[in-house]
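Remarks on the structure that follows.
The values are calculated or read from the model by the stated rules, or taken from the named source; none is laboratory data. Please read all numbers here as calculations on a predicted model, not as lab measurements. For neighbour counting, all protein chains shown are included, and Cβ atoms are generated from backbone atoms with ideal geometry for every residue, glycine included.
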Amino acid sequence: MNTSSNPPADRPAPFADDMPVVRLRPKTDARAIRRGSPWVFDNELVVDRRTSKLTPGTIARLEDAERSPLGIVAVNPASKIICRMLDRDPAAVIDRAWLTARLTRALSLRERLFDTPHYRLIHAEADGLPGVVIDRFGDAAVVQPNAAWADLMLEDLVAALVEVTGVSCVVKNASGRARSLEGLDEETVILRGSLDGPLPVPMNGATYMADLLGGQKTGLFLDQRPNHAFAASLAREARVLDVFSHVGGFALAALAGGATSALAVDGSAAALELAQRGAEAGGTAARFSTRRGDAFEAMAALAAEGESFDLIICDPPAFAPNKPALEAGLRAYERVARLAATLVAPGGYLVLCSCSHAADLGRFRGACLSGIGRSGRWAQQLHTGFAGPDHPQLPQLAETGYLKALFFRLDG
């Protein structure tokens, strides 16, 4: 197998004159890059006429202002993240063999962590493939090439993925905000093999139905797996409400954990249908029900109906996807907490989640506690959950540590 330090003889040398070179501005501090920061923003790079004409996704060598090499980067002049670090070895060759090595390294971790092949295989920068997300569902995988370089190398990426994992079906999911920021299309298509419909995915004793073509993101939120498990440990003989339920993530885990009933609330009829099918596949359909509608309106209506629950989980979409949306997002999280807290039975449990990287743990917890307080309840915090280990964090990139789940016990 070729390695990054030993390019094949028929390839041009990595320091050949035809390899583009991009350079940091004189006042840009290169220490962050040397210490592991994976991104260079457009205001940190010399963007001359030659650089601005580079095809999005071009592989180039990055140098500091003194022309010392920093590594190999993917360049996209159309993006605010103008450079993404691919390899800190300035002699690296970014080819199929390089991709195979990165995928093999990622697979070895997941195979140590999980007994079945259902996991996030590649978590972008944290797994050394910036902008790339790959979720595996048994014999199928969904690839999100959310950076221009990955889109250009998609054929090699898919070939390496099949070689390393042996999957027979590969789906390209090109939906989402990340691709639009890179100036990329939003096409979702099967690249290898075929699909007959949603796939069953076992987790935490429950069965979930993942729609790899029409569902949100890659079809299932695998990052919540450990938080599903902790919620299930609180669910024995409990009446459970799962708000923003998607395909029943928390509700089905709670039923597998012994809940007497679970109500899933979501605005998507398709997602609730998949949740119902999951309950049927797991043998818990008799204790499961759904309610379609706006989550805020549904919680207010349940309170008006005099309903209460022993365990409530709220896992909304990212209310604060970026810094400009932070204050409005925090108000939304506070409102969720207030409405949900009024529905928790005395001594019951409330789980509040955020997937907004712009709202750090402290700000998110403050919004939740404000909402709980406004409901007139008193809270004990039992546990703080994060994404599972198949979603590793890159310490130098806060965005990879986006998920927070706060577990409270409420009295009063």
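Are any residues in the stretch 83-105 free of Cβ contacts under 8 Å to residues at least 24 places away in the same chain and crowded, with 24+ Cβ neighbours inside 10 Å, and if so, which ones? Within the stretch 83-105, no residue meets the criteria. Each residue in the stretch 332-352 was checked for being surrounded by 24 or more Cβ atoms within 10 Å (Cβ to Cβ), of a type in the set (A, V, I, L, M, F, W, C) and more than 12 Å from Ala379 (Cα to Cα), and 3 of them qualify.
The single condition from (1) buried (at least 22 other Cβ atoms within 10 Å of the Cβ); (2) touching a residue at least 40 places away in the same chain (Cβ under 8 Å); (3) polar (S, T, N, Q) that Thr116 fails is (1). Pull up the stretch 271-316, narrow it to residues that are touching a helix residue (DSSP H, G or I) at 6+ places or on another chain (Cβ under 7 Å) and assigned to a strand (DSSP E or B), then point me to the one that is farthest from His357 (Cα to Cα). Applying the filter and picking the extreme gives Phe288. Please verify whether the stretch 362-372 includes one or more residues that are of a type outside the set (Lys, Arg), in contact (Cβ under 8 Å) with a residue 40 or more places away in the chain and either outside any helix (DSSP H, G or I) or touching a Ser or Thr at 6+ places or on another chain (Cβ under 6 Å) (or both). Within the stretch 362-372, one or more residues are of a type outside the set (Lys, Arg), in contact (Cβ under 8 Å) with a residue 40 or more places away in the chain and either outside any helix (DSSP H, G or I) or touching a Ser or Thr at 6+ places or on another chain (Cβ under 6 Å) (or both).
Within this structure, Arg67 fails the test of being surrounded by fewer than 24 Cβ atoms within 10 Å (Cβ to Cβ), in contact with a helix residue (DSSP H, G or I) (Cβ under 7 Å, 6 or more places away or on another chain) and either over 30 Å from Ala206 (Cβ atoms) or without any contact (Cβ under 8 Å) to a residue 12 or more places away in the chain (or both). Looking across the stretch 14-43, the residues that are in contact with an Asp or Glu (Cβ under 9 Å, 6 or more places away or on another chain), outside any strand (DSSP E or B) and closer than 12 Å to Cys83 by Cα come down to Ile33, Pro38. For the stretch 213-228, taking the residues that are over 18 Å from Gln276 (Cβ atoms) and modelled with pLDDT of 95 or more, the one that is surrounded by the most Cβ atoms within 10 Å (Cβ to Cβ) is identified as Asn227.
Picking from residues in the stretch 162-182 that are of a type outside the set (Val, Ile, Thr) and touching a Lys or Arg at 6+ places or on another chain (Cβ under 9 Å), the one that is nearest to Ala78 (Cα to Cα) is Leu181. In this structure, is Arg277 of a type in the set (D, E, K, R) and in contact with a Pro (Cβ under 8 Å, 6 or more places away or on another chain)? Against the criterion (of a type in the set (D, E, K, R) and in contact with a Pro (Cβ under 8 Å, 6 or more places away or on another chain)), Arg277 qualifies. Within the group Val158, Val142, Val132, Val240, which residue is more than 29 Å from Glu280 (Cβ to Cβ), buried (at least 24 other Cβ atoms within 10 Å of the Cβ) and at pLDDT 95 or above? Among Val158, Val142, Val132, Val240, only Val132 is more than 29 Å from Glu280 (Cβ to Cβ), buried (at least 24 other Cβ atoms within 10 Å of the Cβ) and at pLDDT 95 or above.
Scanning the stretch 177-227 for residues that are farther than 18 Å from Pro117 by Cβ, assigned to a loop (DSSP other than H, G, I, E, B) and out of contact with any helix residue (DSSP H, G or I) (no Cβ under 9 Å at 6 or more places or on another chain) yields Glu187, Thr188, Ser194, Asp196, Gly197, Leu213, Lys217. Take the stretch 246-269 and flag every residue that is within 12 Å of Ala206 (Cα to Cα), out of contact with any strand residue (DSSP E or B) (no Cβ under 6 Å at 6 or more places or on another chain) and part of a loop (DSSP other than H, G, I, E, B). Once the filter is applied, which keeps residues that are within 12 Å of Ala206 (Cα to Cα), out of contact with any strand residue (DSSP E or B) (no Cβ under 6 Å at 6 or more places or on another chain) and part of a loop (DSSP other than H, G, I, E, B), the stretch 246-269 yields Gly257, Gly258.
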